[in-house]
1. With a point put 7 Å past each Cα toward its Cβ, work out how far Ile132 is from Arg961 in nm, to one decimal.
2. Could you tell me how many degrees, from 0 to 90 and to the nearest 10, lie between the Cα long axis of helix 957-968 and the main elongation axis, the longest principal axis, of the Cα atoms of the chain?
3. If the label point is 7 Å along Cα→Cβ of Ser64, which residues in region 24-53 have backbone nitrogen under 14 Å from it?
4. For Arg601 and Ala929, FRET efficiency with R0 = 51 Å and r from the beta-carbon atoms, rounded to 0.05?
5. State which entries of Lys82/Lys161; Lys365/Lys767; Lys365/Lys457 exceed 32 angstrom in Cα-Cα distance in the structure shown.
6. Suppose R0 equals 45 Å; then what is the FRET efficiency for Arg527 and Glu387 from their Cβ-Cβ distance, rounded to the nearest 0.05?
7. Quick one: which residues, 5 or more positions from Ala369 or on another chain, have an amide H under 5 Å from its amide H? H modelled 1.01 Å from N in the peptide plane, none for Pro or chain starts.
8. Applying 1/(1 + (r/R0)^6) with R0 = 35 Å to the Cβ-Cβ distance of Ala338 and Asp624, what FRET efficiency is obtained, to the nearest 0.05?
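Computed from the coordinates by the stated procedures, all read-outs in this text should not be read as laboratory data. None of the values given here were measured: they were computed from a predicted structure. Neighbour counts are summed over all protein chains in view; Cβ atoms, including those assigned to glycine, are modelled from backbone coordinates with ideal geometry.
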Amino acid sequence: MYFPTSAARQLSSAPPLPVPHEEVIALAPSPRKTLFCALTRNSLSVWRLRPSAVLAHLARTLTSIEEHGENTSAEWAPNGSKIVVQTTQSFLVLVTVEAIAKEEVYAPPTLAQGLRRNFLSGPGEAPPIPAISLQFEGVICIDGHLLGMSPRKDYILFSTKSPPSVQRIPWPTVHSEDGAGSDTEHSNQPFYDTWVLNEYNLPWLKDGNVTVTKILHPRQSGVETWITSDGRAYLVQLYEGSERTSESADDTKGTHKDSSPPDRPRNSIESNHSHSGPVWQGTCIHDVEPPKWVQKRKMIHPDGPDGDKYHWEDPRRAVAVAINAKFSVVAVGMHGGAVELVNLPSYEGVPPPAQILQIPNLYNKKPGAVTSMEWSSDGYVLAVGWEGGWAIWSVGGRCLAWAFGVEYEVDEERFLDAFMYGVRGFFWGPGNFELVMLAQSAPNSPDGELFVLPFAKSAITAQHSPDNTQYAFLQMDDRVLVYRGADQPDMSVINPESDVWQRIKVPQDYLSTNWPIRYSAISSDGRLIAIAGRRGLAHYSSNSGRWKMFADEIQEQAFAVRGGLLWFHHVLIAAVELMKNYQIRLYSRDLELSNQNVLFREVLSSPVVIMSLVDNSLLVYTADNTLHHYLIVPTQDTIKLQLCGSISFEGVIAAPSAVRVLSWMIPSAQKQLGDPMDDLSVATVLMIVGGRLVLLRPRKAANQEVTYDMQILADRIEFCWIHLQGIGSLENSLWGYDGKAIRVWLNALAIESAPATDEQGRPQSVKESVNMPLDFYPLSVLMDKGIVIGVEHEAATRLNLPFVIFRHVTSTHLFLQHILRHHLESGQLREAVAFALHYQHLVFFAHALEMLLHAIVEEDRAEHGAEPADEDARGCDEGDESVLAHTIEFLDHFDVALDVVVGCARKIEVTRWPRLFDVVGSPKSLFEACLATGRLATAASYLLVLHTLEQLDGSQGDAVRLLRAAMAAKEWQLCRDILRFLRSIDDSGAALRVAVGEAGILELEDEQGEVSS
């Protein structure tokens, strides 16, 4: 999903003016994240991310610091025009950020025409860098000890300690001399409000005797979070007087009724609905129960000397919260270093329990308290920073990368990557290709506290299409990576040292202006690639190795891709936005990119959320909650889209922007004989909505109106693979990854037969068939090779290098044994044999069968314990060996069965051999079968089994016969192994002498000597 790559860039935080260096204490990105503020205790600097450079620096005077206190934190206004700085003495310092028109800070020098090709702009560095100015606008004094603040569009929200309250004030405006020139917007809504924290104003608080220490407001969602002084976290929302309709009030009651403690009367929540002014509604998402001795302690006044201190160190006390609106998940960071994932409150059933993220390979290192957390803008990964390290987690709970120091020895005096030992804060850059980090300390480079860590990410994070999931397809800051192992021999696929990635560099001319890359798409055959950045698009052919871009830059900059890219053979389908108008355009790979060469345009009334291609049907899901079905119709001269129908999902999908995956299945009769106009009314739709994998099955009412029955297959699914035309039993299978394992639903997408229904006539849920835990992050499934492809991160250090090198390593996992085991445990022997026949040509087929037998033997032993002591007890457990017996019967259909059995036996404990060979048969008979069929190496492996089970004859006749056969076949290495085995089982050497004599090895040596003489 997301993997650190290359090496981190270090930014110098030294001020551009000749003033003493100050330690950076906080970072604050602008709303669009193209700029960020680096805050010190006495000054602030505004940086541009691409290129990384300081645009302005503002230092506070000594008088201002003495009167108002030092800086502690900073936040940008939502429109990016102001920065609000909080100080230690409860003041808010307002700083205005103004762009200076027609003035560039860093103007490139004028170069001769011949030199320009040697000095190309980097990604995102071509646009001119406008100058900005920072000016003090004013200072706001907050009475009652300021705790936290959050700037909003029309006001500043903040919390105080005495009295414990949450307040808001409007942005200061400039009045005219007569006092009548105030802003009309502020005059209509003054935004002067105070909410004292008690059980009357905020009855949903678990404890009214608290203060709000942090106010966190993610701009991607409509809700915010509060962290209170008792360590609890609340999900809150402000309802203005005009916004609080009866419907919203009822919804809020329902949400908070479930989260309220049982001993609180219900009307305590409804009591504050009588207020006509703005009202806060909230629910506790992280509860901390203090110990009884804390509950019984004497109440300490907030204004007292110990009012700011925690009176017990609870490791579960919340210190950071991050909301993921796209997957409906909230991450809570705690004082003890733990991180917890909690689902947002919902009306649909019981939410899953909270998930604690496990840090791998910590080696008794203490991470410390959580310092910062932030989700990527696509919602797929969470960055967590601790006092002693950092980590990247997927939304399903998979740890993708982590660092708590360095594993190997480095030169401490020269090592510069201080972020490896802990971070104070960070944020994701545009496109989520970079993580800007503020290290805890930098002893070897005092001005080297800022780092930019680059990442490679899967293309499905921006666009989840069937073709993008078919290939392991990664995109980086300036290139894309395509896994080409599917075209390589079998051994090259499973060899981790094989370089099977094709690296395709994005043209610098396009990337310098349109960075970052927002969408990437690959064709079904893997030969065509398309990308789209901030504006325009470009595409590439691996056959010719050439990129095609717009020759006219004005045409390129006129539109932006919104909704994705798809390949239909050599035709590129793009959902674009053009001056608030929305279109679907068709471009040909064979023609130059220009507006004149657009094959077809389809105008839409709403922006596209996601597109998907199934055969020659184009599915378009738009932001107005409507699914459109287009048929791709080739004509004699061009190709066009024909609208076949559309259907609204109003009442089915609550948030259209949460849809991540879109596909459908149509009955074969409808495909062959039906009218395409009726496809929507009979199609079963597959979606991932907010992390939930759902099937929508159509049902027609008496009035021919189509309704949908929703089946939720799984929660927190990160992505899925759809195989409508798989191999054997994999046809119509659905594969999903939830952060821990790949979950497979066999035949889940088969719609020819009517699904089973419950008593109410609703379709029953589809049961999960296979669960495959993985040690790496999967990216693709090679169906024809039976392999899951994925990657995992690796951090390398060298004693002679002052930095860490990050890279991703390819990993593989066989899935054949998992599918076969499901069939065998279900008693489907015929289906298992038919499925395995598709893969018996693979060089690692025998290894997969050996893994299958090993897993079944291990589980059989774990479930039934030790071997029964007598025959009667063994007869009572006749059914215990059914799966093992089915497995042996299944193995008998293949020539490698003898190799698989002995290979498995040598990998399990000897105490389990009797149970295994009771089902398989006598090792002696298996040894004879190997000799009869010429499997000499396999027969040699059975010698060890016979010796261990004391079934080897004392005269070593079996070993002698095998030795003679090996000599006849001139398998000299096997002869050496047999002689070595005989020497190991008899220290006196008698068995070896007998075998050498009976096999005639010395006679053979004498004959060869006479011939040579």
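1. 8.6 nm
2. Roughly 80 degrees between the two axes.
3. Only 39-46 pass the distance filter.
4. 0.15
5. Details: Lys82/Lys161 25 Å; Lys365/Lys767 41 Å; Lys365/Lys457 28 Å.
Exceeds cut-off: Lys365/Lys767.
6. Rounded to the nearest 0.05, the efficiency is 0.40.
7. So Ala369 has HN proximity to Glu387.
8. 0.25
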